[in-house]
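The values are calculated or read from the model by the stated rules, or taken from the named source; none is laboratory data. Computed from a predicted model, the values in this text were never measured in an experiment. Here the Cβ positions follow ideal geometry from the backbone for every residue, glycine too, while neighbour counts run over all protein chains shown. What goes into the accessible areas is simple: the full protein's heavy atoms, side chains included, and nothing from ligands, DNA or RNA. Shrake-Rupley method; radii C 1.70, N 1.55, O 1.52, S 1.80 Å.
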2 protein chains.
Amino acid sequence: MVTIYDIAKKANVSAMTVSRVINNTGRISEKTRAKVKRVMDELGYVPNQMARSLVLQQTHLLFLLITDITNPFYTTLARGAEDAAQKHGFRLLFGNSDEKLAKERDYIDTILKTRADGVLVAPAGDASLPHLEALRKHGVPFVLLDREVPGVDSDIVLGDSKEGAHRLVKHLADMGHRHIALINGSLTASTARYRLEGYREALKLYDLEYAEENVLETSFEPRNDLTEIEHWLDRLRPEVTAIIAGNNVLAVEVIRTLSARGRRVPDDMSIACFDEWAAYAEIDPFLTVISQQAYQFGYLGMQLLIDRIRDGEAAGPWKKIVLPSQLIVRRSVRRLGAEG
Amino acid sequence: MVTIYDIAKKANVSAMTVSRVINNTGRISEKTRAKVKRVMDELGYVPNQMARSLVLQQTHLLFLLITDITNPFYTTLARGAEDAAQKHGFRLLFGNSDEKLAKERDYIDTILKTRADGVLVAPAGDASLPHLEALRKHGVPFVLLDREVPGVDSDIVLGDSKEGAHRLVKHLADMGHRHIALINGSLTASTARYRLEGYREALKLYDLEYAEENVLETSFEPRNDLTEIEHWLDRLRPEVTAIIAGNNVLAVEVIRTLSARGRRVPDDMSIACFDEWAAYAEIDPFLTVISQQAYQFGYLGMQLLIDRIRDGEAAGPWKKIVLPSQLIVRRSVRRLGAEG
DNA sequence: TACTTTAGAGTTATCGGTAACACAAATTGA
DNA sequence: TCAATTTGTGTTACCGATAACTCTAAAGTA
């Protein structure tokens, strides 16, 4: 590997002079600069970031940690974060925790070891607390995305999950559904808690029945084994005509499970959920959803992060951005007559 | 930031002893080890990866560079790569080039500067050549995914694009379509070239007409502005009843464009394409596709990469894995009667 | 008992850069 | 003309870790 010393030797200057050329610092004669540059090109020199970061104490690297790289919500968010990072001249790397704390811990570990300048985190859940505390302790600025973590104060970008759940229940009620079930992610995720809360409040508000067996707490990430969902569907009160899914992945899995046993959506069961299935939804408008501004989650979150990196304390008190969502009515909810 | 020297001082040992505890090397008495460990925990010590990599000359970091993080084909591939990396105890970071050479260059730059141990690359196109040459020159092992780059010899995992295009044309012909258009990615991507080639060969084979205006070469990544596609649809020979899209993104965009002007799929136009829309396709089986084993692209590619990192030259001659694809017939292609 | 081996440490040099300071030659100013 | 600047470049120390070597005391051996 070519080092600054190889360049120095070949160009008949000191290493420091080469360093000055690379960084465009200090005074250098045009002649020397040209000579050094030529040698650098000849030898195909690439600065060693490790050595550089070691002495500079900063890497100029940012990380984005998401919980499900196959979920369009997060990949759209990632594009937003990427665009904002690029706008400010930062490099962004992605990690995928798969909703698993162990994987998240590994990434946090990598991030700490790599001494990243900052991190955008969609946390796996409340148990992410120690991971975030580690970041804080080591002075790595971070911004939370999509989920709160009790005990952590930080900049954060959220959607209004409670309001969203409210709107979904209202829509289903408006469509004539009186018995509405909920399949949710783990309650260790704040989004799941708020969605459950919104669901229960709205049921009460619209005078709809709440039944424990109509609510399933499982996990947001895709699973191979659908038996848990199957069993839940079996236990469901027979009057149930509509299901709210805590996210897009759950909605898809419920529909798969239903259709595997010959039950069709929306004819035999209505479904509505949180989050879009990105571009695909446009060509085949099937799922009725609460659409969140995924791109903005990433874009605004990245801006908060960069502000925090640039200004530190001076960026002021923690900022909390709550992004509004939107109900998009499509075909997966059936209108029920008086008989429903 | 806590360093090895802080630990050493507090534990009343030398830095080297601490290093030995961290890495479990050399001889250390249980008493000393325990003492050092306790101090490390107390101070919340995290090794500085920069300093470590600098002296060890290896980072234990792997990169995956994909061209479109919002495309389920690549995110599924990413999950495969991740699983394989984890199985072998490597850390994996992601980058997204967005099909843009400049972004790809930046990532390659980051990768070189970071002195990654290896890279999995889905190249933006033939012009990625210098990027790959840079990796080669600096001794960073890499494996190509999905696309060949003329002039580059390396391990590679590919789909059989020509065969796929062939099968799509055959299917459409079998369904009664005689005039089939093709919207394709940039021919600077080998997949686009092979798909075009397969398309033309198959047209000839099944005695179908080829017309230049029925073929559009554009780009694989999503666009905001659909006018190019619009204009192309306008220029299309009126006899055209079916369109093959070079990938899933193009298919979605064609359908959007058509539907914006009130033309429906498959009633007014049939569509078939390469690549799935992951989970969503299962709940709403709409697009007829050539399905590629995205997960395997990543999983097998990562295995090739790790073999190469571990064994270097000893891993033998370059390996080329060609993964078979599968035609999945759904609703986006209409069967034409004699009148079609 | 005296010599060798081994366990359990510490010392020093180094990885590839950069900051801070030093210094000679060229230029400026009174 | 000579001191004061300025310009261009080199020297040294250090960032935080590890490899290779050294050293001492205890244990083993003939």
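The charge dipole of chain A, taken about the Cα centre with unit charges on the Cβ atoms of Lys, Arg (+1) and Asp, Glu (-1), comes to about 1860 debye, rounded to the nearest 20. Run through every distinct alpha carbon pair of region B:21-73 and return the Kirkwood hydrodynamic radius in angstroms, one decimal place. Taking every pair of different Cα atoms in region B:21-73, averaging 1/r and inverting gives 14.6 Å. Pairwise Cα distances in region B:124-248 exceed 16 Å for 65 percent of all pairs. When chain B is treated as a GNM with alpha-carbon contacts under 10 Å, the residue of B:LEU120, B:LEU250, B:LEU43 showing the greatest mean-square fluctuation is B:LEU43. Using the Stokes-Einstein relation with a Kirkwood hydrodynamic radius computed over Cα pairs, the translational diffusion coefficient of region A:170-210 at 25 °C and a viscosity of 0.890 mPa s comes to 229 µm²/s. Scanning chain A for trypsin sites (Lys or Arg not before Pro) in DSSP loops with at most 12 other Cβ atoms within 10 Å, what's the longest stretch left with none? My reading of the result: A:28-260 is the longest stretch. Restriction of the chymotrypsin sites (Phe, Trp or Tyr not before Pro) in region B:241-293 to DSSP coil positions whose beta-carbon has at most 16 other beta-carbons within 10 angstrom yields no sites. For q values of 0.15, 0.28 Å⁻¹, compute log₁₀ I(q)/I(0) with the Debye formula on a Cα-only model of region A:265-340, without solvent. These q points yield log10 I(q)/I(0) values of -0.66, -1.24.
Comparing the full protein assembly with the isolated chain (1.4 Å probe, heavy atoms, ligands and nucleic acids excluded), the residues of region B:100-118 losing at least 10 square angstrom of accessible area are B:LYS103, B:ASP106, B:TYR107, B:ASP109, B:THR110, B:LEU112, B:LYS113, B:THR114, B:ARG115. Contact with the other protein chains removes 40 Å² or more of accessible area, compared with the isolated chain and a 1.4 Å probe, from these residues of region B:41-60: B:VAL46, B:ASN48, B:GLN49, B:MET50, B:LEU54. Using every pair of separate Cα atoms, the Kirkwood estimate puts the hydrodynamic radius of region A:239-291 at 11.2 angstrom. Reducing region B:136-196 and region A:248-297 to their Cα centroids gives an inter-centroid distance of 31 Å. Using the rule -39500 (n - 2.57) for each DSSP H run of four or more residues, divided by the residues of chain B, the 222 nm mean residue ellipticity is -14000 deg cm²/dmol.
When Rg and the Kirkwood Rh are both derived from Cα coordinates, the Rg/Rh ratio for region A:127-176 amounts to 1.25. Between this copy and the others, label points of A:ASP311 are 5.6 nm apart in ascending order, each placed 7 angstrom from Cα in the Cβ direction.
Around the Cα centre of the protein assembly as shown, unit charges on the Cβ atoms of Lys, Arg, Asp and Glu (plus for the first two, minus for the last two) sum to a dipole of about 2720 debye.
Overall, the accessible surface of chain B at a probe of 1.4 angstrom is composed of carbon and sulfur to the extent of 50 percent.
The alpha carbons of the protein assembly as shown stretch over 80, 65, 45 Å along the principal axes, in descending order.
Distances between copies of B:GLY139, taken at a point 7 Å out from Cα along the Cα→Cβ vector and listed shortest first: 3.4 nm.
Once the Cβ-Cβ distance between B:THR227 and B:GLU30 is put in as r, and R0 is 45 Å, what FRET efficiency do you end up with, to the nearest 0.05? Efficiency, from the Cβ-Cβ distance: 0.05.
Would you mind giving the total buried accessible surface between chains A and B, with a 1.4 Å probe and ligands, DNA and RNA left out, rounded to the nearest 100 Å²? For A against B, buried area totals roughly 5500 Å². Here is how far apart the B:ALA260 label points are across copies: 3.9 nm, shortest first, using a point 7 Å from Cα toward Cβ.
Ellipsoid fit via the Cα gyration tensor, region A:92-179: semi-axes of 34, 13, 11 Å, each the root of five times an eigenvalue, largest first.
A viscosity of 1.002 mPa s and a temperature of 20 °C, combined with the Kirkwood radius over Cα pairs in Stokes-Einstein, give a translational diffusion coefficient for region A:44-145 of 152 µm²/s. Kirkwood hydrodynamic radius computed over region B:192-340 comes to 17.6 Å, based on all pairs of distinct alpha carbons. Shown here are the Rg and Dmax of the Cα trace of region B:4-47, at 8.9, 24 Å. Provide, for q = 0.11, 0.15 Å⁻¹, the log10 of I(q)/I(0) from a solvent-free Debye sum over equal Cα point scatterers in chain B. With no solvent term, the Cα-only Debye profile gives -0.76, -1.16. Of the complete DSSP H runs in chain B, those spanning 15 angstrom or more by Cα along the long axis with a mean Kyte-Doolittle score not below 1.0 are B:248-260. Charge dipole (Cα centre; +1 on Lys/Arg Cβ, -1 on Asp/Glu Cβ; no other charges) of region B:243-340 amounts to roughly 200 debye.
Here the Gaussian network model covers chain B, with springs between Cα atoms less than 10 Å apart; of B:VAL39, B:VAL121, B:VAL252, B:VAL39 fluctuates the most.
Residues of region B:1-32 that bury at least 50 Å² of accessible area when the other protein chains are present, relative to the chain alone (probe 1.4 Å, heavy atoms, ligands and nucleic acids excluded): B:MET1. The residues of region B:161-292 have, on average, 37 Å² of accessible surface per residue, using a 1.4 Å probe with all protein chains present.
With both residues required to sit in the protein assembly as shown, DSSP beta bridges show an antiparallel share near 10%.
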